[in-house]
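J.: Dropping a structure here in C-alpha cells format, bear with me for questions.
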Amino acid sequence: MYDNEMKLEFLSKSSNEAFARITVAAFVSVLDPTIEELADIKTAVSEAVTNCIIHGYEDAEGIVKIKARIIKNTVEIEISDTGKGIENVELARKPLYTTKANLERSGMGFTIMESFMDEVDIDSVLGLGTKITMRKKIKKHLVDIEKEEIASLGGVC
Amino acid sequence: MNTNYIKKDKLLTVEITEEIDHHIVEKIRRKVDDEITRYMPRKAIFDFSRVSFMDSAGIGMIIGRYKMMKLIGGEMEIININPNVKRILEMSGISKIITMKEKRAS
Ligand SMILES: Nc1ncnc2c1ncn2[C@@H]1O[C@H](COP(=O)(O)OP(=O)(O)OP(=O)(O)O)[C@@H](O)[C@H]1O
Ligand SMILES: [Mg+2]
C-alpha cells in the first residue's frame, strides 16, 4: 500500500501547466521538502506536462493525466498523454535534442527532469502515447533526525 | 500584465512579473520583440526580481531574444536572478554567453 496517492486529469491547455505543478507541490508538502527540493519537483512536473501538451498532442485537445504517490520519503509522479508518442527515446533524452526548434524549444526538458529527480523512466509507443515516471527521495531534515534520535534514546533509558 | 518596460538612454529594461513557463512565454514573446524592434536598444536588461520559477521554456525565450539583440548589434543582460532560476540557466549554458547578475541581498 502507498502512504498516499492522488490522481489528476486535465485538458492539454497551457494555462494548466502552473495548476499541475502547484497541485503536485501541495501534495508533496507533507514530506516537508526544502524550498530547493520543492522547486526541483515543480520544474520536473512543468517539463513533463508541457511536453504532453506541445509534443504529445501538438496543441490539439487531449487529456493529460498525473498520478502521484508518496511511499515513505519517496515521491513518485507519473505524467502521461495519449498523443503521438516518441520515435526514439534515447535520442529524446539527449541534451539539446528537440524536434521543435522552430518553436524556440531548447531540448533541455529531459535533461532538467533527470538532474532534478532521482529517476526518470520514459514509456512511449508511437501513435499511442507517452508516460513519464519520476521518483525523488525527500531527505529528512537534520532537526527531524535529531528528534528521532532523542526519541530512541528515550526508549533505551 | 506579465511584463513592464523601462526605456532610458537606449537601455531597455524588461521586467517579467510572473513564473516563466510555456504558457507565459507564448503570451509575452511577441510583446518583448515589438518593444525591442521599436526602441532598438543598445542593451536589453531582463529583470528577474519577480521571477520565482522558470523551466526550459525560459531558456528558449532567452536564447531567442539574445539572438535578436545580436542581430541589431546590441547586448543583453539578466539581473536579479534567484538561486533556483540560476541553476536552470547554468545547466543550459546560457550563463556562459549572457551576462547574469544574482539577486541583490535585501
Ligand atoms: N510527451 C511527448 N510526446 C511526444 N514526444 C515527446 C514527448 N515528450 C518529449 N518528446 C520528444 O522528445 C524531445 C525532447 O524533449 P525535451 O523536453 O528534452 O525537449 P523539448 O521539449 O523539445 O525542448 P524544451 O523542453 O527544452 O523546451 C522533444 O523535442 C519531442 O520530440
Ligand atoms: Mg520539453
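The values are calculated or read from the model by the stated rules, or taken from the named source; none is laboratory data. Every value quoted in this text rests on a predicted model; they were computed, and no experiment measured them. Every residue, glycine among them, receives a Cβ derived from its backbone with ideal geometry; neighbour counts consider all protein chains shown. Keep in mind that these areas ignore ligands, DNA and RNA; they rest on the heavy atoms of the full protein, side chains included. Shrake-Rupley method; radii C 1.70, N 1.55, O 1.52, S 1.80 Å.
J.: Could you list, in sequence order, the residues of the range A:32-78 that are within 17 Å of A:SER115 (Cβ to Cβ) and assigned to a strand (DSSP E or B)?
T.: Result: A:VAL75, A:ILE77.
J.: Right, something else. Restricting the range A:98-121 to residues that are in contact with a strand residue (DSSP E or B) (Cβ under 6 Å, 6 or more places away or on another chain) and more than 15 Å from B:ILE59 (Cα to Cα), which is farthest from ligand 1 (Cβ to nearest atom)?
T.: Applying the filter and picking the extreme gives A:ASP118.
J.: Of all residues in the range B:58-81, which are within 9 Å of another protein chain (Cβ to nearest Cβ) and in contact with a Lys or Arg (Cβ under 8 Å, 6 or more places away or on another chain)?
T.: Those that are within 9 Å of another protein chain (Cβ to nearest Cβ) and in contact with a Lys or Arg (Cβ under 8 Å, 6 or more places away or on another chain): B:GLY60, B:MET61, B:GLY64.
J.: Can you tell me which of (1) at negative phi; (2) surrounded by 17 or more Cβ atoms within 10 Å (Cβ to Cβ); (3) of a type outside the set (Asp, Glu) is the one A:LYS7 doesn't meet?
T.: With respect to (1) at negative phi; (2) surrounded by 17 or more Cβ atoms within 10 Å (Cβ to Cβ); (3) of a type outside the set (Asp, Glu), A:LYS7 is out only on (2).
J.: Scan the range A:12-34 residue by residue and report those that are hydrophobic (A, V, I, L, M, F, W, C), within 13 Å of chain B (Cβ to nearest Cβ) and out of contact with any helix residue (DSSP H, G or I) (no Cβ under 8 Å at 6 or more places or on another chain).
T.: The one that is hydrophobic (A, V, I, L, M, F, W, C), within 13 Å of chain B (Cβ to nearest Cβ) and out of contact with any helix residue (DSSP H, G or I) (no Cβ under 8 Å at 6 or more places or on another chain): A:PHE19.
J.: Go through the range A:93-141 and give me each residue that's part of a strand (DSSP E or B) and more than 13 Å from the chain's Cα centre (by Cα).
T.: A:ASP123, A:SER124, A:VAL125, A:GLY129, A:THR130
J.: Please enumerate the residues belonging to the range B:61-100 that are in contact with a strand residue (DSSP E or B) (Cβ under 9 Å, 6 or more places away or on another chain), surrounded by fewer than 13 Cβ atoms within 10 Å (Cβ to Cβ) and farther than 23 Å from A:SER115 by Cβ.
T.: Within the range B:61-100, B:LYS70, B:THR99 qualify.
J.: Can you name the residue in the range A:126-157 that is open to solvent by 80 Å² or more (accessible area, probe 1.4 Å) and at pLDDT 95 or above and is also farthest from A:VAL64 (Cα to Cα) among such residues?
T.: A:LYS137
J.: Is it the case that some residue within the range A:68-76 is within 14 Å of ligand 2 (Cβ to nearest atom), open to solvent by less than 30 Å² (accessible area, probe 1.4 Å) and not aromatic (Phe, Trp, Tyr)?
T.: No; the residues of the range A:68-76 include none that is within 14 Å of ligand 2 (Cβ to nearest atom), open to solvent by less than 30 Å² (accessible area, probe 1.4 Å) and not aromatic (Phe, Trp, Tyr).
J.: Name the pairs whose Cβ atoms lie under 6 Å apart, with the first residue in the range A:80-105 and without any contact (Cβ under 8 Å) to a residue 24 or more places away in the chain, the second of a type in the set (S, T, N, Q) and near ligand 1 (Cβ under 8 Å from one of its atoms), and 6 or more positions between them or separate chains?
T.: Sorted first by the residue in the range A:80-105, then by its partner, the pairs are A:PRO95/A:THR111.
J.: If I go through the range A:79-93 residue by residue, how many of them are more than 19 Å from A:GLU119 (Cβ to Cβ) and surrounded by 14 or more Cβ atoms within 10 Å (Cβ to Cβ)?
T.: Adding up the residues that qualify gives 5.
J.: Then there is this: Just to verify a result, which residue in the range A:94-117, among those that are within 11 Å of ligand 2 (Cβ to nearest atom) and open to solvent by 60 Å² or more (accessible area, probe 1.4 Å), is nearest to the other protein chains (Cβ to nearest Cβ)?
T.: Filtering first and then ranking leaves A:LEU103.
J.: May I pose another question? Restricting to the range B:32-60, name every residue that is among the small types (Gly, Ala, Ser) and either crowded, with 23+ Cβ neighbours inside 10 Å or in contact with a Ser or Thr (Cβ under 8 Å, 6 or more places away or on another chain) (or both).
T.: Within the range B:32-60, B:ALA44, B:SER56, B:ALA57, B:GLY58, B:GLY60 meet the criteria.
J.: Still on this structure, I have one more. Counting just the residues of the range A:46-56 that are within 17 Å of A:ASP123 (Cβ to Cβ) and not polar (S, T, N, Q), which one comes out nearest to the other protein chains (Cβ to nearest Cβ)?
T.: Only one residue fits best here, namely A:GLU47.
J.: Can you name every residue in the range A:79-92 that is part of a loop (DSSP other than H, G, I, E, B) and of a type in the set (A, V, I, L, M)?
T.: Residue satisfying the conditions is A:ILE86 alone.
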